[in-house]
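The next block holds one structure in the form of structure tokens; read it before the comments.
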Amino acid sequence: MNHVRLSIRVSCFLLFALCLSSRVFALNNASTVTGIVVDPTGAVVRGATVDVIAHNDKLSTVSTDQQGHYSVSVPGAGSYEIRVSAPGFKTAVTDNLAVRNSEESVRNFTLRLDALSEEVTVTATATPTLESHLGAAVSVLGSNQLAGSDEVQEPLRWIPGVQMTQTGQIGGTAALYVRGGNSDANKVLIDGIPMNDIGGAVEFADLSSSALARVEVLRGPNSSVYGADAMAGVVSLTTRSGSTPLPEFTYIGDGGNFSSFHNEASVGGKWKVADYFVDFSRFETSNSIPNNRFHIGTATGNFGWSLAPNTSLRATVRHDQLAGGQPNAILLYGIPDDTRQANEDSYFGATFDTQTTAAWHNLVRYGGLRLRSEYTDFAPTGIPQYQDSVTFASCTPQTDPNCVVADYLGAPVTVHGANGYTVSGQAIFQYPQQYPNTYATSTNRDSVYAQSDYRIRRHLLVLGGFQYEDERGYSGAPAIRSSAEIPATHFSFRAISKADSFTRSEREWKTISSSA
């Protein structure tokens, strides 16, 4: 009996020792996953819930501390799912996180805003900032507002404080005025690349809304970030990018009266560390008056590579080719002009972006612009008026050898005033000159922009930047183009400090410009 009791005691002791050694072995092989959780602006997210999941079972749950840091233990080597959630943000999930025994794995998270949350904008401060943290008036147009419009100017008309004017019908020259400022006092960007011509003008009639994901409009001066071009406002266009594992093909086609047709096709997706998006669109219409046919074709490409979890390289290109008749003021002259305006514009660039640490961000961007336009007057269409070159009296060319064309008149018209008065007559439409005649303009710009910003605290950020621009261009008839070309080189250095929740102070250190 005593022998049996001794055997039971020995067995229990051995079982206890085995369990204890297994427990110690498991503790010795336990691993840890740590990291920092931030929002799209780089500010830390406090109190975010971090769950560790394996085989659909929740193993452990922790919350981020005041510095947005978390540390959670996992049983040992294996593949785990880390899920991070916080109110107002979309849940972030990392699948198949490989963890080794007795090692610490680092995984940082950037939470995206929920669909019903406020927008993040970069236009006002050159860094991602929540709208509620801005001291400026910024409006953001998303894909829903841009859908169904052929031109960028259409949705811009709905923004408060913005006035869009256009002469004539579709394809007629269009200009943007922000809060009463001049139309050439707005900085317009596409994927961070300046679109302004030399002097600041932007022809919005040449900008289609195809391939655009969002438009940000800053109403008010922002010269400390963008220079003297942004005295009235800033308009920033962003191209769509691919996001689906399988290629997504899209085709849109529609038509209407005046022989109007619109076709657009795109393909985009994401494969491993690369994403891609390509779009081509064409719109054409005859409009409702003679010699006013207009067409525009746009080709867009957006290609991104994730070089590391916090480092990316992105290249974008956009090419617009358009042409349209210029009938002139047909209600005043009664006869359409035989002229045409043709443009060919290209915007291209590459951006290297790296989040070196949770607080330190760096960016380098190259941008290129090529603008070409040509205005051609093919032949006079008015009614010729003859004049003797000696006596300056009216004459007929059949009977007077000195009879020449003095000018060309429009058709007889009657103009009705708002006060009820009317006037009838013929206006001078054209003057004698060599036909056909052309007037061409050209603008070339290459720029490099480097930026480094550091978030000292949640609401305190310092930023430094350097920009170099090389511009060349000409305007005029072919005979004077070579002598009219004017090159210019610009340098600018900027240092900005920003406290986004309480006060906002910005200072531009130095701007140097030189031209030759």
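Assorted remarks:
- Charge tally for residue 360 (other residues, Cβ to Cβ under 12 Å; Lys, Arg +1; Asp, Glu -1): 0.
- Three-way shape call for the stretch 401-455 based on the alpha-carbon gyration tensor, with the a/c threshold at 1.5: oblate
- If the segment from residue 448 to residue 77 were pulled out straight at 0.36 nm per residue, it would be longer than the present Cα-Cα gap by 128.9 nm.
- Placing a pseudo-label 7 Å from each Cα along the Cα-to-Cβ vector at residue 462 and residue 244 gives an inter-label distance of 4.7 nm.
- Counting only the Cα atoms, the stretch 240-394 fills a convex hull of 175 Å³ per residue.
- Extension gain (nm, one decimal) between residue 386 and residue 288, 0.36 nm per residue minus Cα-Cα: 32.0 nm
- Cα gyration tensor, the stretch 383-430 - rounded (a/c under 1.5), prolate or oblate: prolate
- C-alpha center-to-center spacing [the stretch 214-265, the stretch 383-453] in angstrom: 37 Å
- Measuring r between the beta carbons of residue 313 and residue 437 and using R0 = 41 Å, the FRET efficiency lands at 0.30.
- Taking a sphere under 10 Å around the Cβ of residue 318 and counting the other residues whose Cβ falls inside, with K and R at +1 and D and E at -1, yields a net charge of -4.
Computed from the coordinates by the stated procedures, all read-outs in this text should not be read as laboratory data. On a predicted model such as this, the values are computed, not experimentally measured, just so you know. We place every Cβ from the backbone using ideal geometry, glycine too, and count neighbours over all the protein chains shown.
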